[in-house]
Amino acid sequence: MSTSVATEFAGSWTAGRSVRRTALLLFLGVAAVALNTGIGYASAGTRVIPIVTGVLLCLAFATGVHLLHRASWLALLSLLPALFVLVGSVQLAPDLALEQRGVRQQVTIVDAEATGKRHTFTLRGAAGPLDEPLVYQGSSPGYRVGDTLTVLTDPEGRIALRDADRVDSAGKVGSLVLGALGWAVIALLAGWRGHVRRRTGRHAGLIL
């Protein structure tokens, strides 16, 4: 782009255009949060679908930030609140469902098996052994044979049994709010910085 063309383009770029594009990006962020949370509710029995759609929506928001900002560092920064959005939107529906309709019962761990990082614990309640085990995916489950704990089971059988102490829908809502607020701040920064870059005729850059 020649200097004269760049100057003409910069002069034609108005604050109103930047405001409209910033508002569009803000709407995209809110819509992504709401949409993936809704997908999480619709597919509460499996986390694969909301994880995949959540990743795609987070990447779409990051792309929008890059296009508005005309540089990459804010787009990369948007991936941090994206983690909060992803965790909250994927885990909110199962936690809320267990809190609302889950059957609470006290159980004892009577057996444990481990395959890689997948730990399976056999449980016994007051009425006898439970058909469904407690499954933990990770390196440090924090459970041992003989431990007594309270679990929540889904009477509809759609959601896996969970330790009641680890079911926290309020925490997932907080994660969603933090992620959405982070995206809002980044969208406003992208709109402001992008407006300055266009008004001064600066080209899109990888970092700054």
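The values are calculated or read from the model by the stated rules, or taken from the named source; none is laboratory data. Note that the structure is predicted; figures quoted are calculated from it, not measured. Note: ideal-geometry Cβ built from the backbone for every residue, glycine included; neighbour counts use all protein chains shown.
Which residue is farthest from Val177 (Cα to Cα), if the candidates are limited to segment 83-139 and must be free of Cβ contacts under 8 Å to residues at least 24 places away in the same chain and basic (Lys, Arg)? Result: Arg124.
As for segment 156-163, it holds at least one residue that is touching an Asp or Glu at 6+ places or on another chain (Cβ under 6 Å), surrounded by 13 or more Cβ atoms within 10 Å (Cβ to Cβ) and of a type in the set (A, V, I, L, M, F, W, C).
Please verify whether segment 128-136 includes one or more residues that are within 23 Å of the chain's Cα centre (by Cα), on the phi < 0 side of the Ramachandran plot and surrounded by 13 or more Cβ atoms within 10 Å (Cβ to Cβ).
The initial filter retains those residues of segment 128-136 that are within 23 Å of the chain's Cα centre (by Cα), namely 135-136.
Within this subset, residues satisfying the condition of being on the phi < 0 side of the Ramachandran plot are 135-136.
After this cut, where a residue has to be surrounded by 13 or more Cβ atoms within 10 Å (Cβ to Cβ) as well, the list is 135-136.
So far as segment 128-136 goes, yes, one or more of its residues are within 23 Å of the chain's Cα centre (by Cα), on the phi < 0 side of the Ramachandran plot and surrounded by 13 or more Cβ atoms within 10 Å (Cβ to Cβ).
Got at least one residue in segment 66-84 being buried (at least 17 other Cβ atoms within 10 Å of the Cβ) and hydroxyl-bearing (Ser, Thr, Tyr)? Taking every residue of segment 66-84 in turn, at least one turns out to be buried (at least 17 other Cβ atoms within 10 Å of the Cβ) and hydroxyl-bearing (Ser, Thr, Tyr).
Out of the residues in segment 145-201 that are among the basic types (Lys, Arg) and within 30 Å of Thr14 (Cβ to Cβ), which is modelled with the highest pLDDT? Spell out the reasoning first.
Residues of segment 145-201 among the basic types (Lys, Arg): 158, 162, 166, 172, 193, 197-199.
With the extra rule that they be within 30 Å of Thr14 (Cβ to Cβ), the set shrinks to 193, 197-199.
Working: Arg193: 85, Arg197: 77, Arg198: 75, Arg199: 74.
The qualifying residue modelled with the highest pLDDT is Arg193.
Look at (1) assigned by TED's automatic domain parsing to the domain that holds Asp147; (2) surrounded by fewer than 20 Cβ atoms within 10 Å (Cβ to Cβ) and you find that Thr46 fails only one, number (1). Listed by first and then second residue, the pairs linking a residue in segment 140-151 that is under 11 Å from Ala112 (Cα atoms) to a residue that is aromatic (Phe, Trp, Tyr) and at pLDDT 90 or above, with Cβ atoms under 7 Å apart and 6 or more places separating them unless they lie on different chains, are Tyr143/Phe121; Tyr143/Tyr136. Selection over segment 20-60 of residues that are among the β-branched types (Val, Ile, Thr) and at pLDDT below 90 gives a count of 1.
Any idea how many residues of segment 135-189 are of a type in the set (Phe, Trp, Tyr) and not assigned by TED's automatic domain parsing to the domain that holds Phe61?
Taking segment 135-189 as the starting set, the residues that turn out to be of a type in the set (Phe, Trp, Tyr) are 136, 143, 183.
Checking which are not assigned by TED's automatic domain parsing to the domain that holds Phe61 leaves us with 136, 143.
Residues in segment 135-189 being of a type in the set (Phe, Trp, Tyr) and not assigned by TED's automatic domain parsing to the domain that holds Phe61: 2 in total.
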